[in-house]
Amino acid sequence: MSENSQPEPGFNTSIIHSEYIAPDGFAAFPVGIYHASTVLFNNVASMRERSWQDKSTYTYGLHGTPTSFTLEARLAEIEKGEYCLLAPSGLAAITLVNMAFLQSGDHVLIPDNVYSPNRDLADWLSRGFGISVQYYDPLIGEGIAALIVENTRLIWVEAPGSVSMEVPDVPAICAAAHARGVLVALDNTWSAGIAFAAFEHGVDIIMQALTKYQSGGSDVLMGAVITRDKALNARLQMAHMRLGFGVGMDDVYLVLRNLPTLQLRFNAHDQSARKVAAWLSSRPEISKVLHPALPDCRGHDIWQRDFTGAGGLFSVLFDAKYTEKQTDRFVDSLKLFKIGFSWGGAHSLCIPYRMQYMRTNWTEPGILVRFNIGLEDTQDLIADIEHALATLI
């Protein structure tokens, strides 16, 4: 062995430091899955030059790989936004927005029909972090101007409410908010970014639970926050970094794999759900069908004006003569509908709710039950519901 040569590496070193690099030129439809915590730099200078906020390059796995960058870009395209950040769940995405734009002494307005974990998070922020939280009537529209005070920093909107289904006048709320320099964040999960063009209606920040339609398989937890404004995105990026939010690339791949069928699946859910909802509206056991495309739903006229679809989620109110024990028996008697939270998957779901514990002022009589209409044959779902309704007697 010469003085300048190095000894042959040992077995373990050879395995870890293999010199093989796959050739360029491979092309296929699936996006590659790039796992990484450590990201490699060519030299110290390139390490020092890179910024984790610049998504044209890579610094550390927590800040993204080609796999997650691709999903972020595609989600932004769907919403016609510019910037997107992924979070471990829909609730994590909500948390990201709150942490980016609220601090002690601030005031936030939240609709009374908000997703329950968002409400619980807001109450926690109020108790422990000095943030003033106020719940408003989701149908307040331009009247929200009267609730905006000097320290109001953020208004949350949910369109529609994911349980009671009221459809808010988003443009009116945004106009009132922007007149006072207040940001509006929308939970746009119900429409999957397909049926409601949030940015076109004035929203500043869009939050999505990718757990639902984007995943489509009832097997992924993930959220996203999408913006058009560079300065807003910068604040979100800092909160994202400080919270240490990361997502697994295998889960990112599952969402990417299902995006090409998103529109087809959403439309199929929508078509079937409207048929089931229309059938339920004719049943004597049901006092109201809370489906935005049907007249009984509060805000139906706004849905007609602003939305292009409805997806598979809606609720019903049973006639007030039926007790909770009876409606629970109805849910337990369903065969195709399984009992479980979430929506957007192929399997139909059904959940009864105790609305008096979820709302500040809930006066509607009757037990509320929410349906997620999956991708089963519609007539089979109707037959299943009809059979379960017979147990109410």
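Table for the structure above
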read-out	value
Criterion: open to solvent by 80 Å² or more (accessible area, probe 1.4 Å) and not aliphatic (A, V, I, L, M) - qualifying residue of 18, 56, 51	56
Qualifying positions in region 167-181 - hydrophobic (A, V, I, L, M, F, W, C) and touching a residue at least 40 places away in the same chain (Cβ under 8 Å)	167, 170
Which numbered condition residue 44 misses (of (1) at pLDDT 90 or above; (2) under 27 Å from residue 247 (Cβ atoms); (3) more than 37 Å from the chain's Cα centre (by Cα))	(2)
Region 84-123, residues that are at pLDDT below 95 and either of a type in the set (Phe, Trp, Tyr) or touching a His at 6+ places or on another chain (Cβ under 7 Å) (or both)	115
Filter result for residue 131 (of a type in the set (A, V, I, L, M), buried (at least 19 other Cβ atoms within 10 Å of the Cβ) and in contact (Cβ under 8 Å) with a residue 40 or more places away in the chain)	no
Lone qualifier among 380, 332 - being out of contact with any Phe, Trp or Tyr (no Cβ under 9 Å at 6 or more places or on another chain), under 17 Å from residue 279 (Cα atoms) and of a type outside the set (Gly, Ala, Ser)	380
Residue 137 being of a type in the set (Asp, Glu) and more than 17 Å from the chain's Cα centre (by Cα)	yes
Helices (runs of 4 or more DSSP H) (entirely within region 178-292) containing at least 2 residues that are surrounded by 18 or more Cβ atoms within 10 Å (Cβ to Cβ) and β-branched (Val, Ile, Thr)	249-258
Single residue of 64, 81 found to be touching a Lys or Arg at 6+ places or on another chain (Cβ under 9 Å) and either at pLDDT 95 or above or open to solvent by 60 Å² or more (accessible area, probe 1.4 Å) (or both)	81
Residue 169 more than 19 Å from the chain's Cα centre (by Cα) and surrounded by 22 or more Cβ atoms within 10 Å (Cβ to Cβ)	yes
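The values are calculated or read from the model by the stated rules, or taken from the named source; none is laboratory data. Remember, it's a predicted structure, so these values are computed and weren't measured experimentally. Cβ sites come from the backbone with ideal geometry, for glycine too, and all protein chains shown count toward neighbours. The protein model used for the area step is the full one, side chains on, heavy atoms only, and it has no ligands, DNA or RNA in it. Shrake-Rupley method; radii C 1.70, N 1.55, O 1.52, S 1.80 Å.
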